[in-house]
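J.: This is the structure I want to talk about, given as structure tokens.
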Amino acid sequence: MMHRLRRYLVAGLLIWVPLGVTLLIIKFLVDLMDQTLLLLPAGLRPENLLGFRIPGLGILLTAAIVVGTGVVVTNLFGQQLLHLGERLLDRIPLVRTIYTSVKKLTEAIFHGTGKSFRKVVLVEYPRKGIWSLAFLTGEGVHEVRDRTGQDLLTIFVPTTPNPTSGFILMLPREDVIELEMPVDDGLKMIISVGVVVPEGRKEALIAPRRAQAS
């Protein structure tokens with residue numbers, strides 16, 4: 001009886017916990033975007049025009065601001081403004097660190113051809129026999145390659161679940177295994193502490209074990 005009750009309890013939690021967390025996150029995001037309505041003059045705010053508040057209207061204003069920003073920064077004048085703003089931020093130590101980290105992570109997630117993370121790779125780190133998921137970030141520093149006489153690659157090994165911090169390694173090309181996994185899938189796997197794995201590759205990993213078991 002207790003075993004069956006426990007099974008029902010776990011089954012219920014598996015339904016309600018993800019659903020509840022999802023609803024809380026959505027509510028938080030909607031409330032956050034509704035704050036953009038405060039940018040409007042008091043007389044133009046929906047609650048003053050209609051006499052009541054409609055949750056979620058801030059999503060439309062947020063989308064308009066994001067799209068409008070994209071339109072501005074994709075032309076020459078907008079690019080100059082963006083570079084000017086980034087130069088100003090670069091002079092503020094703490095702000096510079098946070099902005100640069102978040103920008104590189106955003107580029108890697110939303111821009112498949114971004115310069116931050118080029119490919120997902122596998123390296124033996126922190127010791128032989130232990131493999132870590134990492135990202136190829138460059139072809140190596142010329143001075144380091146000249147002094148070592150080796151063909152080195154610059155590899156970023158991120159921490160989990162926060163991939164904006166990690167370790168920079170310079171490894172010989174032959175010690176780096178390139179994966180077919182897309183960069184966004186690699187980031188999802190790291191952020192989810194390995195829980196979210198590309199489905200096709202997950203089945204490929206499980207299949208050999210089933211074959212051995214049979």
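The values are calculated or read from the model by the stated rules, or taken from the named source; none is laboratory data. What you see is a predicted model; the values in this text were computed from it and never measured. With ideal geometry, Cβ positions are generated from the backbone for all residues, glycine too; neighbour counts draw on all protein chains shown.
J.: Which condition number in (1) in the same structural domain as VAL195 (by TED's automatic domain parsing); (2) under 27 Å from ILE191 (Cβ atoms); (3) not hydrophobic (A, V, I, L, M, F, W, C) is the one that ARG145 fails?
T.: Only one criterion is unmet by ARG145, namely (2).
J.: Would segment 15-26 turn up any residue that is of a type in the set (A, V, I, L, M), more than 29 Å from GLU107 (Cβ to Cβ) and over 24 Å from the mean Cα position of the chain (by Cα)? Show your work before the answer.
T.: Here is the first cut: in segment 15-26, the residues of a type in the set (A, V, I, L, M) are 15, 17, 19, 21, 23-26.
Subset that is more than 29 Å from GLU107 (Cβ to Cβ): 15, 17, 19, 23.
With the extra rule that they be over 24 Å from the mean Cα position of the chain (by Cα), the set shrinks to 15.
Within segment 15-26 (the criterion being of a type in the set (A, V, I, L, M), more than 29 Å from GLU107 (Cβ to Cβ) and over 24 Å from the mean Cα position of the chain (by Cα)), the answer is yes, since at least one residue qualifies.
J.: Then there's this: Residue under question is HIS3, and the condition is that it be in a helix (DSSP H, G or I) and within 30 Å of GLU107 (Cα to Cα); does it hold?
T.: Values: in a helix (DSSP H, G or I): yes; within 30 Å of GLU107 (Cα to Cα): no.
Judged against the criteria, HIS3 is not a match.
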